[in-house]
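Here it is, the structure, as structure tokens.
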Amino acid sequence: MKYQSQQVAKAYFVCAMALFGIQVLGGLVAGWVYVSPNFLAELVPFNIIRMIHTNALIVWLLLGFFGAAYFLVPEEAERELYSVKLAYIQLALLMVGTLGAVGSY
């Protein structure tokens, strides 16, 4: 990497891939619950699993786009990011918000 601030993109991509894994697992569980309605019926209903699956898709795509932007902007501007700390704060807020939304279901 040409610029040190491009390291921020790695954290975004790692979080995006983790959410992608959660989305895939949620989709597999939702498919199984749809086929066999008694499986996890009382613990987690189908509509909750479906919401988690759909929202994980939106958030991991956003994290991927943000990571790509944080990788490309220093290259195009030919300088370091203004504040790497703000980029990490944004990542933390997105992840805490996502976990809070899933927890509130």
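Does L99 fit the bill of being open to solvent by 50 Å² or more (accessible area, probe 1.4 Å), assigned to a helix (DSSP H, G or I), touching a Leu at 6+ places or on another chain (Cβ under 9 Å) and not charged (D, E, K, R)? Before you say what the answer is, go through the steps one by one.
Working: open to solvent by 50 Å² or more (accessible area, probe 1.4 Å): yes; assigned to a helix (DSSP H, G or I): yes; touching a Leu at 6+ places or on another chain (Cβ under 9 Å): no; not charged (D, E, K, R): yes.
Answer is no for this residue.
Right, something else. Can you report the number of residues in the range 69-93 which are open to solvent by less than 80 Å² (accessible area, probe 1.4 Å), in contact (Cβ under 8 Å) with a residue 60 or more places away in the chain and assigned to a helix (DSSP H, G or I)?
7
Within the group F66, F39, F46, F20, which residue is touching a Gly at 6+ places or on another chain (Cβ under 9 Å) and open to solvent by 50 Å² or more (accessible area, probe 1.4 Å)?
F20
Can we say V59 is β-branched (V, I, T), more than 17 Å from the chain's Cα centre (by Cα) and surrounded by 12 or more Cβ atoms within 10 Å (Cβ to Cβ)?
Values: β-branched (V, I, T): yes; more than 17 Å from the chain's Cα centre (by Cα): no; surrounded by 12 or more Cβ atoms within 10 Å (Cβ to Cβ): yes.
So V59 does not fit the description; no.
Counting only residues that are open to solvent by 80 Å² or more (accessible area, probe 1.4 Å) and part of a helix (DSSP H, G or I), which one in the range 1-17 is modelled with the lowest pLDDT? Walk me through how you get there before you give the answer.
Step one: of the range 1-17, the residues open to solvent by 80 Å² or more (accessible area, probe 1.4 Å) are 1-2, 4, 10, 13-14, 17.
This time we only want the ones that are part of a helix (DSSP H, G or I), so: 4, 10, 13-14, 17.
Working: Q4: 86, K10: 95, F13: 96, V14: 96, M17: 95.
Ranking the candidates gives Q4 first.
Does the range 73-80 contain any residue that is under 24 Å from G100 (Cβ atoms) and of a type in the set (A, V, I, L, M, F, W, C)? Spell out how you get there, then give the answer.
The first filter runs over the range 73-80 and keeps only residues under 24 Å from G100 (Cβ atoms), leaving none.
Checked the range 73-80: no residue is under 24 Å from G100 (Cβ atoms) and of a type in the set (A, V, I, L, M, F, W, C).
The values are calculated or read from the model by the stated rules, or taken from the named source; none is laboratory data. Worth saying up front: this structure is predicted, and the values here are computed from it rather than measured. Positions of Cβ are generated from backbone atoms using ideal geometry, with glycine treated the same way; all protein chains shown enter the neighbour counts. When the accessible area is computed, the model is the full protein with side chains, heavy atoms only, and any ligands, DNA or RNA have been set aside. Shrake-Rupley method; radii C 1.70, N 1.55, O 1.52, S 1.80 Å.
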